[in-house]
Every structure is written in C-alpha cells, then in structure tokens.
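Below: one structure, written as structure tokens.
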Amino acid sequence: MAFTRRNVWELGGDWADPILWYARGIKALKARPLKDPTSWRFYGGIHGIDAQLWGQLGYLSPNEPTPSSADIKAYWNQCQHGSWYFLPWHRGYLLGIEAVVRDAVVKLGGPADWAIPYWNYFKANESALPPAFASQNWPDGNDNPLFIPQRYGPNNDGDVFIPADQINLAALGDTEFTGSADGGSAGFGGVDTGFSHGGNVHGDLESQPHDIVHVLIGGSDDNTGLPGLMSDPDTAGLDPIFYLHHANIDRLWEVWRENPTTNKDPNETNWLNGPPAVGERAFMMPMPGGVQFTYTPDQMSNLAALNYGYDDVSPPAAAPQAVARLRALGMPMTEAVAQVRSPAMAGPRSTELIGAGGTNLRVTGTQASAALALDSAVHRKVTDSLEGVATGAQPAPDRVFLNLENVRGLNDATAFKVYINVPDGEDPAKYPSHLAGSVALFGVRKATKSDQQQAGNGITFVLEITQVIDSLHLAGKLDANQLHVRLVPTRPVPEAAQVSIGRISIFRQGA
Ligand SMILES: [Cu+2]
C-alpha cells in the first residue's frame, strides 16, 4: 500500500477523517508513559529535550520515571540542523512518527492507509493555522489533542498564521544541494557536516521557510518570556502542528527534485551513509512493536522506495528569486535558467569578501543597524558582472550573499527583516525592493550554549541578495564604499534575550 500525504486545507472539512484520526492517534500516544519509546513525549525528545524547559512548560514532572539510559542515548536529542543531513534526518523522523500514529489509528479502528497531512502555508487562503489545531474542543470532547496553548503566532497574541511577506521559496532556485560555509551559497540542503544536533550555517530551505515558520507559529509568551513550543528545537516536537510543517518541508525537497537535470541529492559517501561514515551516531527511530528503524540519507532519497508520496509536488507559480532577477534583466526565461543553472558550469567557485561591519552588534527593541565598509575593487567586480550579463558579454552574473555571522541569543522566538540602504529616518516598510530577507533564530539558544557537542558559536544565516544589489545598482542607490544594513525585528526584542550578531559580511561568489 502506498501512502499519500495530502494538503490539510483541502481534505474537505475542518475535521476531515485524516485530521480526526491524527487527533485520536495523538491522544493514544499522549496516554503512554514518557519512557515508552512510542509515546508522544518520547518522540518529542527525539527531536530535542531540555529538561528545565520541559518542566517550566509543564511537559515533565519532577521524579517522573525517565526512559532507560540506553534508549536516551540511542534516540534523544537527535535532530539535525545546520547540516546537509537536515532534510534526510527529518524525513526519517516523519516516517517514524507517522508509523507510530498509524499503528495507534488502526488499533482504534481507523483507516489502514492513514498518512500525515501537510500544511502548505504558501497557498492563497491557507496561511492560517488549520482550524482543528486552533480550537480547544473537538468532535470527541473538549480536550482536543491537536490544541496546545503555547502557540503565540507572529504578533504574540495567539492568532497563528504565516504572513506572506515573511516567507519565500527562493531556495527552490538553488541548483546545488550542498553549500559551503565560506560566505557563499549555503546550498538548498545545507553544508557538509558530521552528526549535527545544532550546527552553525543553516542551509537555504532550512533558513527559509523552515526556521521562520517555526518561530512565526511559536512566538513567545510576553509575560514569562518562555518560547512557544514551535519556537525552540527542544520543545518543537511536542506540538502536533510540527509534523504538518515538516511534511511541507519534506514535500518541498521533492518539489525541488522534480527538476532532475539540475537538482540532485549529494553523491558523496559521507552524505549517503550518514554520520556512521565518519564514526558518529546513526539515525534511528523507534517503530511500533519494539522495532528499531535505522536509516541513512541514501535510503531517504527515493519516495517510491519509501512507499509514500504527496498529492501535489508541482512547482510553485512564483519564480524563484534568481530567475526573476534575470527576467528583469530581459533575458528569455529558458535561456536564463539554462545559462545560470547549467551543471556544466559547476566547478570550483571563487568566493570573496566584499565588505563587513556590525561587529558584536546587539539587537534589542525595534531596530538595529550597521554600516559596512566595502572594498571598492571587489564591489566593482560585482557591478561589472551585472553589466556584463545585461550586455551579453558574460553568461552569468556574480551572486551576492549577506551573512549574519555567529548570531547568539537566549530566545529562539526572535525574527527580523533585513534591509539594505534604507535612508536614515525612513520607514523600511516603504522600501520593499531593499528587503534582503527574513531571518528567525530557531535553534539559537542551543547554539549559544557551549557544551561538549558544540562550541557555542551561534548560528550563521546566509541571505542571497543578488537581486537587491542588482536593483539598487540599476537605481543608482549603491555606494562603492559603504552599505547600510538595517534589522527590523517583527516583535520587539527584549534585553533579556541577549541577541547579538558577531559580524555582518557581504560576499560575492563568481560562477
Ligand atoms: Cu523543524
């Protein structure tokens, strides 16, 4: 039997069968003790657990029997972020919880082909949290297992939706799965790492829309300062909406792979075989009946072999950023795509620092800004390449990337928009063409704490700003020596969140 994951908003009702059975399955999992590897909270701990935070949020009682140390070692704190394992690890995680929920559903007399729905917040009229997740009541009573109070939404007022201006699908324009941590593209799927429960540089799909959607849903409690469950990787797996968000991210991987001429998964042994290839911990999920599912990224590549699919993997109507840019330069679409994205052109790339500034920049309140000093010679190479494409002298322009390096902080529910060269005293909202992108600090608390696993270097976010630089250049709004970056938090950042940026840098990446 092949299983089909469907769009949650198009199932035919707020409590259509797959939603109702998801709720019933979760209710059964929630009734199991924490130490049962197929319980709801055990599965949340597989993604990540912070005992103190769980206790504060009411998900862990003092003196509660914990799982065996062998189970904790094998399964907990496993999620992969800031890594090229981000997509395959989460695919296996979804397969695990889906099998466990399905097993519970079948035992309750539900459909044997139950599959997890996905939430495609990009679609018109589907940006709101699906109603079944937003109400305390459900068809079986007044203790809806899909409802949790700790979802604060983009404005921290409990209204949960995904604002269209804060998410995009630019990552689908990437033609390389693997990026680099050298200031250039972070790649569609992330950078080459070992086992990475944390990680420094987030890949393109991971940063946007993945991270930002987490934080837009979760938000934080203005009174206690505690994050919504979805805002922090150590609590996210406890929220039933997590799995619908991740099903959509998993679906977008498949949408990307629908263009097989350019978009391919890595073929390096270290990716294919996963962390055991370098002597590290294997990916592993508890399955129904005490079965252990150990998997490699290679095994996660092919949906048909995994016996499931999506009802829709068609590419979105909106063109990815890089393509739109070339269209603006007047190149025919197919030609532009072929030229920029030809795999034959892939090879050693040059990445070069254009400029930097904003060292140890604190972000508090409603805005922060920095002036970046540019190397005018390197800057000149970029503008020459842009003009070279326009005149046909050069097949592909340089790509330009803004890096927010080593972002640290204690509150993951922080998100901000990044603008370039908005004049002082002006409202950035009036300058949409200056918007470099949106960033959310999902995972920042873990990445800031230093422990045995990581050095506490924070997270580095990479935003492609080729299009912004291009349009500012065309409009005569680029100064060869200086660039201004303004950060506009979506919600005021409290002092206690201690959000800081190590450095803001701009890199060019030649073809
Ligand atoms: Cu996630």
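The values are calculated or read from the model by the stated rules, or taken from the named source; none is laboratory data. Every value quoted in this text rests on a predicted model; they were computed, and no experiment measured them. Note that each Cβ is placed from the backbone with ideal geometry, even for glycine, and that neighbours are counted across all protein chains shown. Accessible surface areas use protein heavy atoms only, side chains included; no ligands, DNA or RNA. Shrake-Rupley method; radii C 1.70, N 1.55, O 1.52, S 1.80 Å.
Report the extension gain between residue 70 and residue 387 in nm, rounded to one decimal, defined as 0.36 nm multiplied by the number of residues separating them, less their alpha carbon distance. All intermediate terms of the calculation are to be shown ahead of the outcome.
On the way: separation 317, 0.36 × 317 = 114.12 nm, distance 6.03 nm.
Extending this stretch completely gives an extra 108.1 nm.
If one computes the Cα centroid of the range 269-322 and of the range 161-201, what distance in Å separates the two points?
17 Å
For the range 174-321, what does the relative contact order come out to in percent, with C-alpha contacts under 8 Å and a separation of six or more?
On the way: 169 pairs, mean separation 24.7, N = 148.
It comes to 17 percent, rounded to a whole number.
Counting alpha carbon pairs within less than 8 Å and at least 6 residues apart, what relative contact order, in whole percent, applies to the chain? It would help to have the intermediate numbers written out before the result.
Working: 1086 pairs, mean separation 91.7, N = 511.
That works out to 18 percent.
What shape does the range 88-158 take by its C-alpha gyration tensor, where a ≥ b ≥ c are the square roots of the eigenvalues and a/c under 1.5 counts as rounded, a/b above b/c as prolate, and the rest as oblate? It would help to have the intermediate numbers written out before the result.
Values: a/c = 1.99, a/b = 1.31, b/c = 1.52.
Oblate shape, in that a/c is at least 1.5 and b/c is the bigger or equal ratio.
Hey, any idea what % of the chain's accessible area is carbon plus sulfur with a 1.4 Å probe? Intermediate values should be presented prior to the final figure.
Values: 9940 of 19500 Å².
Its accessible area is 51 percent carbon and sulfur atoms.
Averaging sequence separations of C-alpha pairs under 8 Å and six or more residues apart, then dividing by the length of the range 356-511, give the relative contact order as a whole percent.
Numbers: 345 pairs, mean separation 70.9, N = 156.
Relative contact order for the range 356-511 comes out at 45 percent.
Once phi is turned into ³J(HN,Hα) by the Karplus curve 6.51 cos²θ - 1.76 cosθ + 1.60 with θ = phi - 60°, what whole-Hz value does each residue of the range 84-101 show in order, with x for glycine and proline?
6, 8, 3, 5, x, 5, 5, 5, x, 4, 5, 4, x, 5, 4, 5, 5, 5
Taking only protein heavy atoms and a 1.4 Å probe, what accessible area per residue, in Å², does the chain have with all protein chains in place?
Details: 19500 Å² over 511 residues.
The answer is 38 Å² per residue.
Determine the shape class of the range 388-511: with a ≥ b ≥ c the square roots of the Cα gyration tensor eigenvalues, call it rounded for a/c under 1.5, and otherwise prolate if a/b is greater than b/c, oblate otherwise. Mind showing how you got there, number by number?
On the way: a/c = 2.96, a/b = 1.61, b/c = 1.83.
Oblate is the answer for the range 388-511, as a/c is 1.5 or above yet b/c matches or exceeds a/b.
Exposed loop sites here are GluC sites (Glu not before Pro) in DSSP loop states with at most 16 other C-beta atoms within 10 Å. What is the longest stretch of the chain lacking them?
On the way: sites that count: 126, 258, 268, 280, 426.
Longest gap between qualifying sites, sites excluded: 281-425.
Write out the trypsin sites (Lys or Arg not before Pro) in the range 23-54 meeting two conditions: DSSP loop, and at most 15 other Cβ atoms within 10 Å of their Cβ. Could you put the intermediate results ahead of the total?
Numbers: sites: 24, 27, 30, 35, 41; in loops: 35.
Those that pass, being in a loop and sparsely packed, are 35.
Per-residue HN-Hα couplings for the range 191-208, Karplus 6.51 cos²θ - 1.76 cosθ + 1.60 at θ = phi - 60°, whole Hz, x for Gly and Pro?
Going residue by residue, I get 9, 5, 9, x, 3, 9, 7, x, x, 8, 9, 7, x, 5, 5, 5, 5, 9 Hz, with x marking Gly and Pro.
Roughly speaking, what is the stretch gain from residue 481 to residue 312, that is 0.36 nm per residue apart minus the C-alpha to C-alpha distance, in nm to one decimal? Mind dumping the intermediate values first?
Details: separation 169, 0.36 × 169 = 60.84 nm, distance 4.69 nm.
Taking residue 481 through residue 312 to full extension adds about 56.1 nm, to one decimal.
Taking square-rooted eigenvalues a ≥ b ≥ c of the alpha carbon gyration tensor, is the range 9-95 rounded, prolate or oblate, where a/c under 1.5 means rounded and, failing that, a/b exceeding b/c means prolate? List each step's numbers first, then the result.
Values: a/c = 2.08, a/b = 1.28, b/c = 1.63.
Cα axes put the range 9-95 in the oblate bin.
Would you calculate a helix-derived [θ] at 222 nm for the chain, using -39,500 (n - 2.57) for each DSSP H run of n ≥ 4 and dividing by the full residue count, to the nearest 500? Intermediate values should be presented prior to the final figure.
Working: 14 runs with 136 residues, N = 511.
Helices in the chain give a 222 nm mean residue ellipticity of -7500 deg cm²/dmol.
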